[in-house]
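Following: one structure in structure tokens, then a few remarks.
The values are calculated or read from the model by the stated rules, or taken from the named source; none is laboratory data. What you see is a predicted model, and the numbers here were worked out from it, not measured in a lab. Every residue, glycine as well, gets a Cβ built from its backbone with ideal geometry; the counts of neighbours run over all protein chains shown. Just the protein is used for accessible areas: all its heavy atoms, side chains included, with ligands, DNA and RNA removed. Shrake-Rupley method; radii C 1.70, N 1.55, O 1.52, S 1.80 Å.
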Amino acid sequence: MRNLKSNNPHNSDSFRGKKLEEYKCDYTNLRDDYVKQQIDNDEINFIDSEIILITEYIRLIIESQKTELEEIGEMDFKNWVIESNLSSYNKIISFLETRKSELEPESTLSEPLDLSENSSAVEKIIYLNELGIIDFLRNKTEFMSSTNLMATFLSAITSEKASTLQTSLNRLINNDNEDKNHPYRTIKTVEKVRQSLINKNITPKTS
């Protein structure tokens, strides 16, 4: 194999020719040496640098091996090189990626609000309607003339009985507001759903 030099500025031998366990043993010293070089350097910078350098080194090896194997008529050079010569480097990259994930701060995004257990079948129909999902489905040929079919598939999503959903869908689509069981008959429930959407910066369809 052609001789390939590393361009690693902080330690040209930080990973070359090392097994994962050898690299782990050297990791602390390599990191400390890197951090000392510049005031802005930290461990995450070090890890990013190492991953880039190792990835580039792998690429150079593959390109070099490709040329050599092509010269002697061998095929499937990339898989052969990775499996036989580069497995340790790929393990080192995985180790570095895991270490980086441990160092990075946890996401500040809050957990999604789970409404599944606190929403009745009627509320779910109102959610679907206010989000425009029912209108979307009604415009599909398959559902234009069959609330039964729509209810069947919505039951899979909502975990409600298809028969219960179909009853509400029929009343909603027929727009019979005088029906005491119409999904929008109870203003308090409707407002609850709409406010829930507004709180998440979603504009209700019928507001």
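Quick notes on this one:
- Applying 1/(1 + (r/R0)^6) with R0 = 25 Å to the Cβ-Cβ distance of Arg138 and Asn201 gives a FRET efficiency near 0.45.
- Entries in Lys180/Lys200; Lys124/Lys161; Lys161/Lys205 that, when Cα-Cα distance is taken, lie over 19 Å: Lys180/Lys200; Lys161/Lys205
- Probe 1.4 Å, accessible area per residue of segment 166-207, Å²: 69 Å²
- Overall, the accessible surface of segment 125-194 at a probe of 1.4 angstrom is composed of carbon and sulfur to the extent of 50 percent.
- Were the residues from Asn29 through Ile52 laid out at 0.36 nm apart, the gain over their Cα-Cα distance would be 6.4 nm.
- ³J(HN,Hα) computed for each position of segment 14-23 - Karplus, 6.51 cos²θ - 1.76 cosθ + 1.60, integer Hz, glycine/proline x: 5, 9, 4, x, 9, 7, 4, 5, 5, 5
- Using θ = phi - 60° in the Karplus curve 6.51 cos²θ - 1.76 cosθ + 1.60, the 3J(HN,Hα) couplings for segment 25-42 round to 5, 8, 4, 4, 5, 4, 4, 4, 4, 5, 5, 6, 5, 9, 5, 8, 5, 9 Hz; x is entered for Gly and Pro.
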